[in-house]
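Asker: So that we are looking at the same thing, I have put the structure below in structure tokens.
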Amino acid sequence: MIRTEGLTKEYDGFAAVKDLNLHVEPGEIYGFLGPNGAGKTTTIIMLLGILQPTRGCIFLFGQALHQYYFDIKRRLGVVGEHQYLYDDMTAYEYLSFFADLYHVDNKAERIGKLMEAVGLDKYLQMQASDYSRGMQQKLGLVRALLHDPDLLILDEPVLGLDPHGIIEVRRLIQEQNRRGKTIFISSHILSEIERTAHRVGIINHGVLVAEDSITNLRNRLRQQMELEVEFQEIRPGLVEALYSLPFIREVAAQGNRLTIQLDAASDGRARISAVISAQGGIIVDMRTKEMSLEEAFVTITEKHVSLWTERGSP
Amino acid sequence: MSWGSDWGPRWRAVLLIQRRDLEAMIFGWGLYLALALAFLASLLILRNDLAFVNESGLSVFANPFALPFFITALISSFFLAISSVTTIAREKGQGTLEVLFYGPVDHVSYIVGKYLAQVITYLVMMALYVPSFILHTLLTNLVFPAGLAWAILLSVFTVSAVVALGIFLSTVARNVRASLFLFGVTTLAFLGIQVGHTILVTLPAQGRYYDPMLFLKNTFAILNQTALWLSPYSYLDRGMEAVVRGSAGVYLALFLLSAVYTVGFLGLSAISLRHRGVRRK
Ligand SMILES: Nc1ncnc2c1ncn2[C@@H]1O[C@H](COP(=O)(O)OP(=O)(O)O)[C@@H](O)[C@H]1O
Ligand SMILES: [Mg+2]
């Protein structure tokens, strides 16, 4: 459905998106995850042909956009990062305009049905620009669904929604997916798409650092454990000694405290203690923490850890 | 973006963009302000002419509608130039331009749609204005001159050229203010050259051997010649003259020139829009 090869966007030498190879399969919900500034919007805008990539190719429905521009655009439903509205149109006029643009039959009925699904049918005659942020977000989604597109591209569609709104939007997305539609959805909050997405790609600093099913990702992340150890003092050579242990992934020092990331599969706490005492270190306090998926995501993105290295298969 | 094929869906986008702009124009107030100004100016000129006819006792007056129509067309094209120069910049500033491009709209369809809206607005203005001329001929015993019909036809093309230039400036500018500024500078440059040339021509030469004035005069003559070809405002001026003089050749040439000018600047606009992007900055 979506395929990119070496997709790259550079701004004056700064790469907002680097060598991105995305594969989104037909019928799946693909979560495109990354912190703010990771390059999600830049990627999406390139997918839509609005921004020219510095390098790389894009295929939508297996075809290059510039060759089948109108055919492809008609099969796409897009909710952008911001809901830009005309300030002289009611919600109905706004939707009606786009319904005409996308050649939608029975537009009044279609608009009514979709607006009802998001609980906005009572506000059809209101100026769209007077809508609250959450309402505008839903209006954008309705606009994107008007022509019953085969592929939905959504850039942070639940940003600014209240919990109730998030559930409504999630339900709508899942219903579309059940009807066989492919959905590409970006977010900077894992929990927002954790329950909906079949697969996620994690992008950080423009680089795709992981791409897997939620289940696999969760299993893999569960295997990580964080150990917080407080010392009287940190002896020189201690950190190096710890790194010699095979199950240690990362050690970070802060004052008299070490934060140690290790594989949870083999509980290496005994061996860590042994190494520490061999170095003459005195432990004041030691705590373990199993990472939640959310924390793992934050760790991956903040510390820029790549998960590719331990990936079994491509 | 493919240029050749896809005219079916592209045409749909053109018509929708055109329709939306035209509706905004008809429900806005700018159009009526421009029309009112044009009416007022024409009325004053015609009354003046009639008074002259009565006083001088002349029974024939060559082209009573030439000047009123010229003023009307000038006011209309000025209004359309301003509205076209702000339209794209505004949509870009609002961000709504980006949303259009999520869907089946490309650079060419967008530009052509914008252009059509402006030109159709001009036709609407003429549809409101011309009957008033006819009414006037009936009330004053003046004859509706055939030349006026020719002038109106040509004006559609010269106004097109003005609109195309406005749209192009709009795609280059970053926001509404910048585009208005660009438009102002361009217009002033064209007018400045014309006025400068007119003044200099009337000044007598002074020095016998070396005259700096001569150099200035020549420079302005060249500039004026260039502006004559580049400024779409001058096309209507010359076109009216051609109609009055009955020189079909010049008239046809201006027709063609306006059309080429329009197509050229619309093409440049599409390229510029593509190059500068459709996203809000
Ligand atoms: N027009 C631009 N010029 C320069 N840098 C840009 C531009 N657009 C985006 N960036 C940079 O590219 C990076 C990715 O931005 P973006 O794709 O918006 O991130 P995300 O959507 O994941 O929050 C950011 O560091 C941003 O500052
Ligand atoms: Mg973004």
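The values are calculated or read from the model by the stated rules, or taken from the named source; none is laboratory data. Since the structure is predicted, the reported quantities are computational estimates derived from the model, not experimental observations. Please note: Cβ atoms are built from the backbone with ideal geometry, for glycine as well, and neighbour counts cover all protein chains shown. We work out accessible area using only protein heavy atoms, side chains counted, and drop any ligands, DNA or RNA first. Shrake-Rupley method; radii C 1.70, N 1.55, O 1.52, S 1.80 Å.
Asker: I'm checking a number: the convex hull volume of the Cα atoms of the stretch A:170-215, normalised per residue, in Å³. What is it?
Answerer: Here the figure is 79 Å³ per residue.
Asker: Okay, next question. Taking a temperature of 20 °C and a viscosity of 1.002 mPa s, what whole-number D in µm²/s does Stokes-Einstein yield for the stretch B:132-199 with Rh from Kirkwood over alpha carbon pairs?
Answerer: Using the Kirkwood radius from Cα pairs, D works out to 142 µm²/s.
Asker: Tell me, in nm to one decimal, what length is gained between residue B:279 and residue B:7 on full extension, where the rule is 0.36 nm per residue of separation less the Cα-Cα distance?
Answerer: 95.5 nm
Asker: Here's another thing I want to ask about it. At q = 0.13, 0.14 Å⁻¹, work out log10 I(q)/I(0) for chain A with the Debye formula, treating every Cα as an identical point scatterer and leaving solvent out; two decimals please.
Answerer: Each listed q corresponds, in turn, to -0.95, -1.05.
Asker: Where does helix A:107-117 land angle-wise versus the long Cα axis of chain A, in degrees 0 to 90, nearest 10?
Answerer: Helix A:107-117 and the main axis of chain A meet at about 30 degrees.
Asker: List the pair-distance distribution P(r) of the stretch B:105-148, using every Cα-Cα distance, as the percent of pairs falling in each 10 Å bin from 0 up to the bin containing the longest distance, rounded to whole percents.
Answerer: 24, 31, 21, 16, 8, 1
Asker: Please compute the Kirkwood hydrodynamic radius over the stretch A:50-128, one decimal place, Å, based on all pairs of different Cα atoms.
Answerer: 14.9 Å
Asker: Here is a follow-up. Once you have the Kirkwood Rh of the stretch B:73-117 from its Cα pairs, apply Stokes-Einstein at 4 °C and 1.567 mPa s and quote D in µm²/s.
Answerer: Translational diffusion coefficient: 113 µm²/s.
Asker: I've got another one for you. Which is farthest toward the positive dipole end of the protein assembly as shown among A:251, B:31, A:63, measuring Cα position about the Cα centre, with Cβ charges +1 (Lys, Arg) and -1 (Asp, Glu)?
Answerer: B:31
Asker: Where does the stretch A:81-211 land on Rg/Rh, using Cα atoms and the Kirkwood Rh?
Answerer: Working: Rg = 15.1 Å, Rh = 15.5 Å.
Ratio of gyration radius to Kirkwood radius for the stretch A:81-211: 0.98.
Asker: Sorted from largest down, give the three principal axis spans of the alpha carbons of the stretch A:187-269, whole angstrom values.
Answerer: 47, 27, 20
Asker: For the stretch A:58-97, with only Lys/Arg (+1) and Asp/Glu (-1) charged at the beta-carbon, what is the dipole magnitude about the Cα centre, in debye rounded to 20?
Answerer: 320 debye
Asker: Related question: 7 Å from Cα along Cα→Cβ at both residue B:245 and residue A:253: what's the point-to-point distance in nm?
Answerer: 9.2 nm
Asker: Per DSSP H run of at least 4 residues, take -39500 (n - 2.57); add these up for chain A, divide by its residues and hand me the 222 nm value, nearest 500 deg cm²/dmol. Don't jump to the answer; show the numbers that get you there.
Answerer: On the way: 11 runs with 105 residues, N = 314.
Result for chain A: -9500 deg cm²/dmol, rounded to the nearest 500.
Asker: May I ask for the angle, rounded to the nearest 10°, between helix A:269-278 and the longest principal axis of chain A, with both axes built from Cα atoms and the value confined to 0 to 90°?
Answerer: 40 degrees
Asker: If packing is taken as the average number of other Cβ atoms within 10 Å across a peptide's residues, how do B:158-170, A:113-125, B:225-237, B:87-99 rank, most packed first?
Answerer: The peptides rank, most packed first, as B:158-170, B:87-99, B:225-237, A:113-125.
Asker: Let me ask you something else. Please give every one of the lysines within straight-line cross-link reach of residue A:138, meaning a C-alpha to C-alpha distance under 19 Å, and leave out same-chain neighbours fewer than 8 residues apart.
Answerer: A:107, A:113, A:122, A:181
Asker: Once the cut-off is 16 Å, how many percent of the Cα-Cα pairs in the stretch B:171-281 end up in the long-distance tail? Can you show the working numbers first?
Answerer: Working: 4359 of 6105 pairs.
So the pairs more than 16 Å apart make up 71 percent of the total in the stretch B:171-281.
Asker: Which helices of chain B meet both criteria: a Cα extent of 30 Å or more along the helical axis and a mean Kyte-Doolittle score no lower than 1.6, with helices taken as whole DSSP H segments?
Answerer: Span-like helices here: B:146-172.
Asker: So for chain A, averaging the separation of alpha carbon pairs under 8 Å that are six or more residues apart and normalising by length, what relative contact order in percent results?
Answerer: Computed value for chain A: 20 percent relative contact order.
Asker: Could you pull out every residue, at least 5 positions away or on a different chain, whose amide H is within less than 5 Å of the one on residue A:17? Hs are placed 1.01 Å off N in the peptide plane, and Pro or chain starts have none.
Answerer: When sequence neighbours closer than 5 places are left aside, the close amide H contacts are A:9.
Asker: Next up: Within a 10 angstrom radius of each residue's Cβ in B:102-110, how many Cβ atoms of other chains show up on average? Whole number is fine.
Answerer: Mean inter-chain Cβ contacts per residue within 10 Å come to 6.
Asker: Kirkwood hydrodynamic radius, computed over distinct alpha-carbon pairs, for the protein assembly as shown: how many Å, to one decimal? Provide the component values of the computation, followed by the final result.
Answerer: Details: mean 1/r = 0.0345 Å⁻¹.
This gives a value of 29.0 Å.
Asker: Which residues among the stretch A:1-20 fall inside the zone where the amide N is under 18 Å from a point 7 Å beyond the Cα of residue A:71, along Cα→Cβ?
Answerer: Under 18 Å, as judged by backbone N against the label point of residue A:71, lie A:1-3 of the stretch A:1-20.
Asker: Magnitude of the Cβ-charge dipole of chain A, K/R +1 and D/E -1, about the Cα centre, nearest 20 debye?
Answerer: 560 debye
Asker: Related question: For a Förster distance of 56 Å, can you work out the FRET efficiency between the beta-carbons of residue B:198 and residue A:133, rounded to the nearest 0.05?
Answerer: Efficiency, from the Cβ-Cβ distance: 0.45.
Asker: Using each residue's phi in the stretch A:196-212, evaluate 6.51 cos²θ - 1.76 cosθ + 1.60 at θ = phi - 60° and report the 3J(HN,Hα) Karplus result to the nearest Hz, with x for Gly and Pro.
Answerer: 9, 6, 7, 9, 10, x, 9, 10, 8, 6, x, 10, 6, 8, 7, 8, 6
Asker: Related question: Return a whole-number percent for the relative contact order of chain B, with Cα pairs under 8 Å and 6 or more residues apart as the contact set.
Answerer: Across chain B, relative contact order equals 27 percent.
Asker: Starting from the Cα of residue B:189, move 7 Å in the Cα-to-Cβ direction to define the label point; list residues of the stretch B:156-174 whose amide nitrogen is under 12 Å from there.
Answerer: B:169
Asker: Taking H as built 1.01 Å from N, whose amide H comes closer than 5 Å to the amide H of residue A:286, not counting residues under 5 places away?
Answerer: Residues meeting the criterion, in which the H sits 1.01 Å from N, are A:230.
Asker: Over the protein assembly as shown, what percent of the accessible surface lies on carbon and sulfur atoms, probe 1.4 Å?
Answerer: Numbers: 16540 of 27790 Å².
Reported share for carbon and sulfur atoms: 60 percent.
Asker: Could you grab the relative contact order for the stretch A:97-214? Cα pairs under 8 Å, six or more apart, rounded to a whole percent.
Answerer: Relative contact order, the stretch A:97-214: 21 percent.
Asker: I'd like to check one number: the per residue accessible area of the stretch B:128-196, probe 1.4 Å, reported in Å² as a whole number.
Answerer: 47 Å²
Asker: With charges set only on the Cβ (+1 for Lys and Arg, -1 for Asp and Glu), what does the dipole of chain B come to about its Cα centre, in debye to the nearest 20?
Answerer: Here chain B has a charge dipole of around 900 debye.
Asker: Also, quick follow-up: When the expected Rg is taken as 2.2 N^0.38 Å, what fraction or multiple of it is the alpha-carbon Rg of chain B?
Answerer: Here the answer is 1.14, to two decimals.
Asker: Helix A:163-178 versus the longest principal axis of chain A: what angle, 0 to 90°, nearest 10, using Cα atoms?
Answerer: That works out to roughly 70 degrees.
Asker: What nm value, rounded to one decimal, do you get for the distance between residue B:181 and residue A:205 when each label is placed 7 Å out toward the C-beta?
Answerer: Result: 3.8 nm between the two label points.
Asker: Out of every Cα pair in the stretch A:1-77, what percent are spaced more than 17 Å from each other?
Answerer: 43 percent
Asker: Still on this structure: Report the residues of the stretch B:232-263 in range of a label on residue B:153: point 7 Å along Cα→C-beta, backbone N strictly under 11 Å from it.
Answerer: B:252
Asker: Return the Rg/Rh value of the stretch A:151-197, two decimal places, where both radii are evaluated on C-alpha atoms and Rh is the Kirkwood radius.
Answerer: Expressed as Rg/Rh, it is 0.93.
Asker: With both bridge residues required to lie in the protein assembly as shown, what share of the DSSP beta bridges run antiparallel, to the nearest 5%?
Answerer: Around 70 percent antiparallel, to the nearest 5.
Asker: Please check: in the Gaussian network model of chain A (C-alpha springs, under 10 Å), which one of A:258, A:60, A:152 has the largest mean-square fluctuation.
Answerer: Taking springs between Cα atoms under 10 Å, the residue moving most is A:258.
Asker: To continue, here is another question. What's the Kirkwood radius of the stretch A:138-282 in Å, using all Cα pairs?
Answerer: In the stretch A:138-282 this quantity evaluates to 18.7 Å.
Asker: Quick one: which residues, 5 or more positions from residue A:79 or on another chain, have an amide H under 5 Å from its amide H? H modelled 1.01 Å from N in the peptide plane, none for Pro or chain starts.
Answerer: Counting only residues 5 or more places away or on other chains, the set is A:153, A:154, A:155.
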